[in-house]
Protein chains: 2
Amino acid sequence: IAKEDKEFILRTLKGVKAADVSEVLEELDGEECRYILQLLDVEVGAQVIRDIDEDERGDFLELFSPEELSPFIDELDSDDAVDILQQLGVRAREQVISLLKEDEQAAYVMDLLRYGEDCAGGLMAKELIKVNLNWTVVRSIEEIRRQAEDVDKVYTLYVVDDYDKLLGRVSLKRIILASDQTLISEIYEKDILSVETFMDQEEVASIMQKYDLEVIPVVNVRGMLAGRITVDDIIDVITEKAEEDRQIMAGISEDVQEDDSVWVLSRARLPWLMIGMIGGVIAANFMGLFDGDISQIPALATFVPLITATGGNVGLQSSSLVLQSLANPSVIEDSLWKRLFKTLTVAILNGSVLAGFVFLFNWLSAGGDPQGMKIAVTVSTALFSVVMLASTMGTVTPIVMDRLKINPALASGPFITIVNDLLGLGVYFGVAHLVFY
Amino acid sequence: IAKEDKEFILRTLKGVKAADVSEVLEELDGEECRYILQLLDVEVGAQVIRDIDEDERGDFLELFSPEELSPFIDELDSDDAVDILQQLGVRAREQVISLLKEDEQAAYVMDLLRYGEDCAGGLMAKELIKVNLNWTVVRSIEEIRRQAEDVDKVYTLYVVDDYDKLLGRVSLKRIILASDQTLISEIYEKDILSVETFMDQEEVASIMQKYDLEVIPVVNVRGMLAGRITVDDIIDVITEKAEEDRQIMAGISEDVQEDDSVWVLSRARLPWLMIGMIGGVIAANFMGLFDGDISQIPALATFVPLITATGGNVGLQSSSLVLQSLANPSVIEDSLWKRLFKTLTVAILNGSVLAGFVFLFNWLSAGGDPQGMKIAVTVSTALFSVVMLASTMGTVTPIVMDRLKINPALASGPFITIVNDLLGLGVYFGVAHLVFY
């Protein structure tokens, strides 16, 4: 497509949305992207860069010199600008900032760079409209008009005092309807939700979701209005979190995508496979202790996959239910003991059905043979115990991890399977020993 | 809390947001909820009912007679009203609708009830502001003022023709700045994205997310403006989808929560456990064919957990990467063959590392014993083959399911583990037979 035919490219891209151009650019090689971006209007180009997938953008940005990047950065909202700057090296970042033409944008960006990416401060944009408590309606309208130039979507007007402390909000409608000399302090609403700069982004997301907010103001520790977070950023937080949890559950240790390189994909997958492997070797050594039993009663070994698979399934089910309720905390939280009690009741029900089913099957296929009956008893008893044990592990592990501030999704991944495999084998051969000797 | 002390309750709930009241009510019993709701202002009460968790709301609604419910329904936006009505029995639903005081709301609700819950029509609200192409600015302002009474958040003004066909949008600012007799057709923007009533809700969500939209108009098959979908509904769609996928991956077959009853939880968990159980019994029978081998070489059996666990892990990793890219389709999609080729390259890399590691371990612990060496060769060869096979299965299954319109997340659940367990055992004992005989 991109072979110097300037006219054609411009005509084609004319009506297309920035987000679509970004997708096309992700598929082209570096020089072609660079060429197309330079043909575009700066404002559109800035949006295109913003909409490029974050994983691809790192390499992409390296194609540009600080001089080429800064005009695009000038055009973006401060939060998007910072996201891009954070992907640059420190040196390039400083150069781009020093080249920004708009002083206000430079100040915003430097302020936002201080915050970690995962907290409210890292999500917020500085662009917002605020009015002072002591301004009259006339003055407010003038200031709003001035401030509105930089703000794409206004949403709410925030009311602050002389020290920039957030006090409330006021609607444009109320300002317009009030008489010219009315003070803002007479007409504003005090009822406003805000979050603090250091609040975790997932907590911000759940607050905005709960109250159906489109925008929420962010205040610093002293209650001063620092910025605002809009709903589009929150949607990204929710999507990322879901993707991250899914990868952890699947035993993938880096944030990768199917179209990453073979090398990156292998590296992301190997750690948990190796841990699983070590678990398997431990299991092999453990079973080696029962060599004698196995060679006498080989049928014992045939039920090993059944025991380990059931332990894994039950553990996964339990842990993912706990995860889900950790993600949607309720006002009145059940205690660990109450949860455990409930899990175990469910485990008794399910365990009985499964053990009964397997007993029936083994009993029928044993056909009166005493060794077959012993195996039937062993497998059913072990199965029931494994269901109980795996339920307990699956419930306790994520809760403990959550209290230790480790991502509890880890407890739903290969970890729980490996632990349950080992526990299951232990229980199974323990029971077998009791039944046979 | 709720023991007749009307004054106290009202005072306590005064400043509290509706979403918080809902959470408190979820923890109280039926009669108490009913009592509190009747104390509240109708408008607040309506919001409280709207914000109650959907799973809890079914039982909750049964406490109220149609006469008691209809005033709340009158207050809600049409999309929320329909969500609630859909939880009632057909008879109660019809009664509530016939009792609605606002004719417009009744018409909206009846219109929306026609659509399935999972499509754009089921998400949209009827409340929106539209202006006719041929209206003058003066007439438009008058109409906007009238329509705005029912619309909480305006977002965008839609432009339609005489047949209600969606043509574009116009900003309030432009209308206000234009002279009184200007026609809307002279000032509106034609550039507008819309979705059709029958579009799947997840598709709507990904469009709104991609273009960072706060609201999107919905048109019917004839292009007529039918309603609009706002971003808060989209957030719910995204969250629900993530939760659903997680449950499917965990082998839970109904939409349950940790605080559901023991009975519901057991029922949701049993189906996949039973299927796993059947898989385990098949595995046991299959291994039974190798009884002789196992009793002669019991060490062979000790590596069964290693083989099955690795197969399960690899399959899960592969399928979840495919799932992820199915959820975020790119413009240029790789073909099935290209994907498979890549997966297999990764599998060769990972499989070699794992097989090498296990071979080294077995070789060291064999210490020159010829039978130990044979086992080392068997386990490594089988492990490598299992990694290749499980990668292929994990890649192909979700893609095939997606084409067959089955939710591909199913391929990431216990299903893949069971299939891989069986395949793994087959490969392992096959290789063993080749090596030993």
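Residues that are in a helix (DSSP H, G or I) and either over 24 Å from residue B:239 (Cβ atoms) or within 7 Å of chain B (Cβ to nearest Cβ) (or both) within segment A:248-264 comprise A:249, A:262, A:263, A:264, listed in sequence order.
For every residue, the table says whether it meets (1) in contact with a helix residue (DSSP H, G or I) (Cβ under 7 Å, 6 or more places away or on another chain); (2) part of a loop (DSSP other than H, G, I, E, B); (3) among the hydrophobic types (A, V, I, L, M, F, W, C); (4) within 24 Å of residue A:148 (Cα to Cα).
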{"residue": "A:71", "(1), (2), (3), (4)": "yes, no, no, yes"}
{"residue": "A:74", "(1), (2), (3), (4)": "yes, no, no, yes"}
{"residue": "A:87", "(1), (2), (3), (4)": "yes, yes, no, no"}
{"residue": "A:95", "(1), (2), (3), (4)": "yes, no, no, no"}
{"residue": "A:98", "(1), (2), (3), (4)": "no, no, no, no"}
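Every condition in (1) more than 9 Å from chain A (Cβ to nearest Cβ); (2) farther than 30 Å from residue B:196 by Cα; (3) without any contact (Cβ under 8 Å) to a residue 24 or more places away in the chain is met by residue B:216 except one, and the failing one is (2). The sole residue among A:275, A:294 that is without any contact (Cβ under 8 Å) to a residue 40 or more places away in the chain and either assigned to a helix (DSSP H, G or I) or at the interface with another protein chain (Cβ under 7 Å from one of its Cβ atoms) (or both) is A:294. Looking only at segment A:352-362, which residues are facing chain B (nearest Cβ under 9 Å), free of Cβ contacts under 8 Å to residues at least 40 places away in the same chain and closer than 19 Å to residue A:314 by Cα? Passing the criteria: A:353, A:357. Within segment B:389-409, take every residue that is aliphatic (A, V, I, L, M) and outside any helix (DSSP H, G or I) and give me the one that is nearest to residue B:249 (Cα to Cα). Filtering first and then ranking leaves B:406.
Residues of segment A:171-182 that are over 14 Å from residue A:143 (Cα atoms) and surrounded by 15 or more Cβ atoms within 10 Å (Cβ to Cβ): A:174, A:178, A:182. From B:391, B:380, B:365, which residue is more than 10 Å from chain A (Cβ to nearest Cβ) and either hydroxyl-bearing (Ser, Thr, Tyr) or under 16 Å from residue B:300 (Cα atoms) (or both)? So the residue among B:391, B:380, B:365 that is more than 10 Å from chain A (Cβ to nearest Cβ) and either hydroxyl-bearing (Ser, Thr, Tyr) or under 16 Å from residue B:300 (Cα atoms) (or both) is B:380.
For (1) within 13 Å of chain B (Cβ to nearest Cβ); (2) modelled with pLDDT of 90 or more, each residue gets a yes or a no:
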residue: A:179; (1), (2): no, no
residue: A:195; (1), (2): no, yes
residue: A:198; (1), (2): no, yes
residue: A:242; (1), (2): yes, no
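Of the residues making up segment B:50-69, those that are assigned to a helix (DSSP H, G or I), touching a Ser or Thr at 6+ places or on another chain (Cβ under 9 Å) and either closer than 14 Å to residue B:20 by Cβ or among the small types (Gly, Ala, Ser) (or both) number 2. Residues considered: A:109, A:90, A:138, A:151. Of these, the only one that is surrounded by fewer than 20 Cβ atoms within 10 Å (Cβ to Cβ), within 23 Å of residue A:204 (Cα to Cα) and at pLDDT below 90 is A:151.
Only one of the listed residues (A:316, A:326, A:340, A:344) is facing chain B (nearest Cβ under 8 Å) and part of a helix (DSSP H, G or I). That residue is A:316. Would you call residue A:281 surrounded by fewer than 24 Cβ atoms within 10 Å (Cβ to Cβ), of a type in the set (A, V, I, L, M) and at the interface with chain B (Cβ under 7 Å from one of its Cβ atoms)? The answer is yes for residue A:281.
Within segment B:414-432, being crowded, with 23+ Cβ neighbours inside 10 Å and among the small types (Gly, Ala, Ser) holds for B:424, B:432.
Look at (1) in contact with an Asp or Glu (Cβ under 8 Å, 6 or more places away or on another chain); (2) farther than 25 Å from residue B:195 by Cα; (3) among the acidic types (Asp, Glu) and you find that residue B:118 fails only one, number (2).
If you go through segment A:224-259 and pick out every residue that is over 30 Å from residue A:159 (Cα atoms) and more than 19 Å from the chain's Cα centre (by Cα), you end up with 1. The one condition from (1) surrounded by fewer than 24 Cβ atoms within 10 Å (Cβ to Cβ); (2) in contact (Cβ under 8 Å) with a residue 24 or more places away in the chain; (3) more than 7 Å from chain B (Cβ to nearest Cβ); (4) not charged (D, E, K, R) that residue A:299 does not meet is (3).
The values are calculated or read from the model by the stated rules, or taken from the named source; none is laboratory data. These figures come from a predicted structure and were not determined experimentally. For neighbour counting, all protein chains shown are included, and Cβ atoms are generated from backbone atoms with ideal geometry for every residue, glycine included.
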